[in-house]
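S.K.: Have a look at this one before I ask anything.
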Amino acid sequence: MSALGQRAQAQNLGEARRSARGMGASLRHDSALKHATGEARFLDDIAEPPGLLHAALALSPIAHGRLAPIDPAPARAVPGVVAVLLPGDIPGRNDIAPSGRNEAMLADGLVEYAGQPLAIVVGTTRDAALAGAAALKPEIAPLPPVLSIEEAVERESWILPPQRIARGDVCAALADSPHRLTAEFRAGGQEHFYLEGQIAMAVPGEDADMQVVSSTQHPTEVQHIVGRVLGCAYNRVTVTTRRMGGGFGGKESNASWVAAAAALAARRTGRPVKLRLSRKADIAATGKRHPFLYRWTAGFDETGRILALDATMAADAGHSLDMTGGVIFRAITHALNCCDVPAFAVKALACKTNTVSNTAFRGFGGPQGLLLMEDVIHRVAAALGLPADEVRARNFAGGGNSDETPYGQRLEGDLIRRVWAEARADSAWDAKRAEIAAFNATHPFLRRGLGSMVLAFGISFGQTHMNQAGALVHVYADGSVRLNHGGTEMGQGLNIKIAQVVADAFGVDPDIVSITATSTADVPNTSPTAASTGSDLNGWAAHIAASTIRTRMAEVAAAEWGVQPADVIFADGRVTAGGNLAMEFGELAKLCTLKRVSLSATGFYRTPDLNWDPKAMKGAPFFYFSYGAAVCEVVVDTLTGEHRCLSAHLVQDCGRSLNPTIDIGQIEGAFVQGLGWLTCEELWWDAEGRLRTLGPSTYKIPGSRDVPPVMKTRLLADAPARSDTIFRSKAVGEPPLMLATAVWNALKDAIGTDALDAPATPERVLMAIRERASSRSP
Ligand code: MTE
Ligand code: MOS
């Protein structure tokens, strides 16, 4: 369909009926009950094919060194071991780079991080494979590793050339500003901690065929990388994904090499092979959120208006590129968040270190980017003795300030002020402030604090070409509908939303739309399910496919009844055309097959109106922005640094939500995941560069008791959205994670500091309290 056609159709979509079980209905996740009862089949639940072997990985114990060829004999001697696979056993290329550069699947001569896969051991049981992997004795001559961002910056150890977005004459504007401030801070990384770890099963078929079942957000990339490693054409490789037990960005590129390792073992042994990483191996070997180091100088006036900002953000890319380019892009396009600074320059450094290659994680660099402005706001506010939320509001884009981002896209509408006003009202901000002041004045050692956050997050993949999707819809002769689309289900509720879209097109109940595994054989050349675009892109593709079939069905009904196709209405499981002209949807489907009319169609969609000039770093890379605001209250024990979030009031813009229940689940889940990143999840490497937080005993993700006891989540009412979004909805998967920044801000408020690194663990909070006490004493 042309962009214009799409838009014309969109005008009607927004106005479509919103029935109890149609668009905008709060239907529960299609797998909710199956998740709860355990009937939902994850990859490891699938019946194992006869002759299945298991694979395990030998990982590097050291961060950097020269690797001698590995002697496979000790592993082969382990009972049950069938094969030991080394780089020389790869028939295609030893390259798993998502973006086409060389990134080794198995270290070949050079070890670049502790945890790097060195060999694949295949056994008749998983225990045999693991024992075989443990028996290998890799000889590695150590080289000095680069382990910190600071060291990488000093040595100019980059994985990409520095990237920059700038507007105005920052030097002059800084010099002209009445006040100036310089600061440095840092934010840690984050382990995805999906409940289902990385896993894949590869089943060799006839000729060179390889059937791969993968827990992946990106079946097409799994197909490509399996093809690359095996040295076969993509049409030989079929990848399916029914569901993931969480992905969060961690299964966007990392799932590909896990699957390629299983496929290599299957090719070499001629038998089906499953590779399931242990939690420890998963955490050691797969990428995480990029840690960041920030340095900035800001110029501002007495009112808190920030006139100039010159910033450098250094991201720890780890040892290879992976998707760092995209993470950096999002970080620098989101560095001002919803604020306007007239003279602005941000430089991003992608540091190459001898650590695991960092990757996508919910928000994809956006969360790290917008911490910059929050840090600036809080330090400027402290310097002027003003409340931070007032300084932020003073700098909001739009109103008297410009609404154009430094890269040239406008923050359309005036939702920034609206979401902020609503979150403030919901939380009874002023009363809360007074209550907290009274509490703090009397309690001997507990201190409460209040923090806020306002967010503008761009929706679309930064790489324009990725903003495309496909779908395949069949209607069978009984009127049942089979839906397949290029998106993957990772718990976010994508499938139920798209089933609603398709059901709406046919005027049937979503229950009769069967949801199927994503498959590269059904829909080819797909983008990953990421950047929160799953329902925007695949929803449209599925809508287009279903509409094609409905048009054909309407023509058949019209011919049968002697009416115009436009008079044929699909609603409530029936097809009607006024008077007595009516039949069941299934009857019409049957009639279509008798009339030899196809009831199968593909749909293809590409997001319109995107443009980005990567040389100039200018353009409109996002289809639209998603807005949100939060107010959070915390309490800190100043004797121990321990803290809790007591309440969270969240307002999130979802346009006209496709499914409010699902969206609220996404908002609350994302918020808690953000709270984990900023307050308790700490990755800790030892002096040799070995990650020591390899499981839940040492890596603390938020538990149910960390969820604020008061959690009030609201979808912004009457939220406007472009008419050419799917049913005028907006994406929700990632943005609310960033609302948790309000908790970080509330902690600063509670302990009276403007300087707090993330994650604000109890240790860090305690140190900040001590520092503050010592800087106060004479
Ligand atoms: N929700 C659940 N339950 N599990 C997940 O793994 N991933 C998040 C988000 N919500 C995730 C999730 C991430 S990182 C993204 S990009 C989006 O879902 C992807 O899905 P969507 O585009 O359909 O929103
Ligand atoms: Mo989400 S980080 O874009 O998979």
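The values are calculated or read from the model by the stated rules, or taken from the named source; none is laboratory data. Quantities reported herein were computed from a predicted structural model and do not represent experimental measurements. Quick reminder, even Gly has a Cβ in these numbers, built from the backbone with ideal geometry, and neighbours come from all protein chains shown. Please note that ligands, DNA and RNA were not included when accessible areas were found on the heavy atoms of the full protein model with its side chains. Shrake-Rupley method; radii C 1.70, N 1.55, O 1.52, S 1.80 Å.
S.K.: Exactly one condition in (1) closer than 30 Å to L370 by Cα; (2) open to solvent by less than 10 Å² (accessible area, probe 1.4 Å); (3) within 16 Å of ligand 1 (Cβ to nearest atom) is false for E221; which is it?
M.R.: For E221, the exception is condition (2).
S.K.: Tell me whether region 660-679 contains one or more residues that are assigned to a loop (DSSP other than H, G, I, E, B), more than 16 Å from ligand 2 (Cβ to nearest atom) and open to solvent by less than 10 Å² (accessible area, probe 1.4 Å).
M.R.: Within region 660-679, not a single residue is assigned to a loop (DSSP other than H, G, I, E, B), more than 16 Å from ligand 2 (Cβ to nearest atom) and open to solvent by less than 10 Å² (accessible area, probe 1.4 Å).
S.K.: I'd like the full set of residues that are in a loop (DSSP other than H, G, I, E, B) and either within 15 Å of V475 (Cα to Cα) or at pLDDT 95 or above (or both), limited to region 573-601.
M.R.: G573, A577, L581, K595, R596, V597, S598, L599
S.K.: Restricting attention to region 116-133, report how many residues are surrounded by fewer than 16 Cβ atoms within 10 Å (Cβ to Cβ) and in contact (Cβ under 8 Å) with a residue 60 or more places away in the chain.
M.R.: The qualifying residues number 1.
S.K.: A200 versus (1) surrounded by 24 or more Cβ atoms within 10 Å (Cβ to Cβ); (2) within 16 Å of ligand 2 (Cβ to nearest atom): which is the lone unmet condition?
M.R.: Condition (2) is where A200 drops out.
S.K.: Scan region 517-535 residue by residue and report those that are assigned to a loop (DSSP other than H, G, I, E, B) and open to solvent by less than 30 Å² (accessible area, probe 1.4 Å).
M.R.: T520, V523, T526, S527, P528, T529, A530, A531, S532, T533
S.K.: Go through region 69-96 and report how many residues are out of contact with any Ser or Thr (no Cβ under 7 Å at 6 or more places or on another chain) and either closer than 17 Å to G287 by Cβ or without any contact (Cβ under 8 Å) to a residue 60 or more places away in the chain (or both).
M.R.: So the answer is 12.
S.K.: So G458 ticks every box in (1) open to solvent by 10 Å² or more (accessible area, probe 1.4 Å); (2) touching a His at 6+ places or on another chain (Cβ under 9 Å) but one. Which box is left unticked?
M.R.: The one condition G458 does not meet is (1).
S.K.: Looking only at residues that are of a type outside the set (A, V, I, L, M, F, W, C), open to solvent by less than 10 Å² (accessible area, probe 1.4 Å) and closer than 30 Å to E688 by Cβ in region 255-292, which one is farthest from the chain's Cα centre (by Cα)?
M.R.: Within region 255-292, the match that is farthest from the chain's Cα centre (by Cα) is D282.
S.K.: Which residue, of I726, I769, is surrounded by 24 or more Cβ atoms within 10 Å (Cβ to Cβ), over 19 Å from G674 (Cα atoms) and touching a residue at least 12 places away in the same chain (Cβ under 8 Å)?
M.R.: Result: I726 is the single residue among I726, I769 that is surrounded by 24 or more Cβ atoms within 10 Å (Cβ to Cβ), over 19 Å from G674 (Cα atoms) and touching a residue at least 12 places away in the same chain (Cβ under 8 Å).
S.K.: Any chance region 471-483 includes a residue that's under 30 Å from A717 (Cα atoms) and either free of Cβ contacts under 8 Å to residues at least 40 places away in the same chain or not in a helix (DSSP H, G or I) (or both)?
M.R.: No: region 471-483 contains no residue that is under 30 Å from A717 (Cα atoms) and either free of Cβ contacts under 8 Å to residues at least 40 places away in the same chain or not in a helix (DSSP H, G or I) (or both).
S.K.: Right, something else. Could you tell me which of the residues L53, L136 is surrounded by 13 or more Cβ atoms within 10 Å (Cβ to Cβ) and either in contact with a Lys or Arg (Cβ under 6 Å, 6 or more places away or on another chain) or among the aromatic types (F, W, Y) (or both)?
M.R.: L53
S.K.: Right, something else. Residues being crowded, with 19+ Cβ neighbours inside 10 Å and within 32 Å of the chain's Cα centre (by Cα): count how many of those fall in region 566-609.
M.R.: Number of matching residues: 4.
S.K.: Give the residue that is nearest to G674 (Cα to Cα), with candidates limited to residues of region 366-424 that are surrounded by fewer than 22 Cβ atoms within 10 Å (Cβ to Cβ) and of a type in the set (S, T, N, Q).
M.R.: In this case the residue turns out to be Q409.
S.K.: Which condition does I544 not pass, out of (1) under 22 Å from the mean Cα position of the chain (by Cα); (2) crowded, with 23+ Cβ neighbours inside 10 Å, if it passes all the others?
M.R.: I544 satisfies all of (1) under 22 Å from the mean Cα position of the chain (by Cα); (2) crowded, with 23+ Cβ neighbours inside 10 Å except (1).
S.K.: Let me confirm something: among A172, A208, A200, which residue is modelled with pLDDT under 95 and away from ligand 1 (no atom under 16 Å from the Cβ)?
M.R.: A208
Per-residue answers, yes or no, for (1) within 16 Å of ligand 1 (Cβ to nearest atom); (2) under 20 Å from E584 (Cβ atoms):
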site: F439; (1), (2): no, no
site: G458; (1), (2): yes, no
site: Q468; (1), (2): yes, no
site: I512; (1), (2): no, yes
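S.K.: Out of region 175-197, which residues are in contact (Cβ under 8 Å) with a residue 60 or more places away in the chain, touching a Gly at 6+ places or on another chain (Cβ under 6 Å) and open to solvent by 20 Å² or more (accessible area, probe 1.4 Å)?
M.R.: Hits for region 175-197 are R180, E196.
S.K.: Next question. Condition first: within 23 Å of the chain's Cα centre (by Cα), not basic (K, R) and not in a loop (DSSP other than H, G, I, E, B). Now tell me which residues in region 692-738 satisfy that.
M.R.: Listed by number, the residues that qualify are S704, D706, M711, T713, L715, I726, F727, S729, P735, P736, L737, M738.
S.K.: Test each condition in (1) at pLDDT 95 or above; (2) open to solvent by 10 Å² or more (accessible area, probe 1.4 Å) for S775 and report the one that comes out false.
M.R.: The number of the failed condition is (1).
S.K.: So which residues in region 337-369 are more than 16 Å from ligand 1 (Cβ to nearest atom) and outside any loop (DSSP other than H, G, I, E, B)?
M.R.: Of everything in region 337-369, those that are more than 16 Å from ligand 1 (Cβ to nearest atom) and outside any loop (DSSP other than H, G, I, E, B) turn out to be C339, A343, F344, A345, V346, K347, A348, L349, A350, C351, K352.
S.K.: Counting only residues that are open to solvent by 10 Å² or more (accessible area, probe 1.4 Å) and within 30 Å of K352 (Cα to Cα), which one in region 293-315 is nearest to the chain's Cα centre (by Cα)?
M.R.: Taking the candidates together, the pick is T312.
S.K.: Could you please find all residues in region 480-503 being within 14 Å of ligand 2 (Cβ to nearest atom) and open to solvent by less than 10 Å² (accessible area, probe 1.4 Å)?
M.R.: Scanning region 480-503 gives G487, T488, E489, L494.
S.K.: On the basis of being without any contact (Cβ under 8 Å) to a residue 40 or more places away in the chain and farther than 30 Å from N538 by Cα, does A397 make the cut?
M.R.: No: the conditions fail for A397.
S.K.: Report, ordered by the first and then the second residue, all pairs with beta carbons closer than 7 Å, sequence separation of six or more or different chains, a first member in region 569-596 that is closer than 13 Å to I549 by Cα, and a second member that is of a type in the set (V, I, T).
M.R.: F585/V508; F585/V575; L588/V556; L588/V575; A589/V475; C592/V556
S.K.: Can you find a residue that is closer than 21 Å to A107 by Cα, more than 15 Å from ligand 2 (Cβ to nearest atom), touching a helix residue (DSSP H, G or I) at 6+ places or on another chain (Cβ under 7 Å) and of a type in the set (A, V, I, L, M, F, W, C) anywhere in region 238-254?
M.R.: Scanning region 238-254, I find no residue that is closer than 21 Å to A107 by Cα, more than 15 Å from ligand 2 (Cβ to nearest atom), touching a helix residue (DSSP H, G or I) at 6+ places or on another chain (Cβ under 7 Å) and of a type in the set (A, V, I, L, M, F, W, C), so the answer is no.
S.K.: Go through region 90-115 and count every residue that is under 15 Å from A133 (Cβ atoms) and open to solvent by 20 Å² or more (accessible area, probe 1.4 Å).
M.R.: Selection size over region 90-115: 0.
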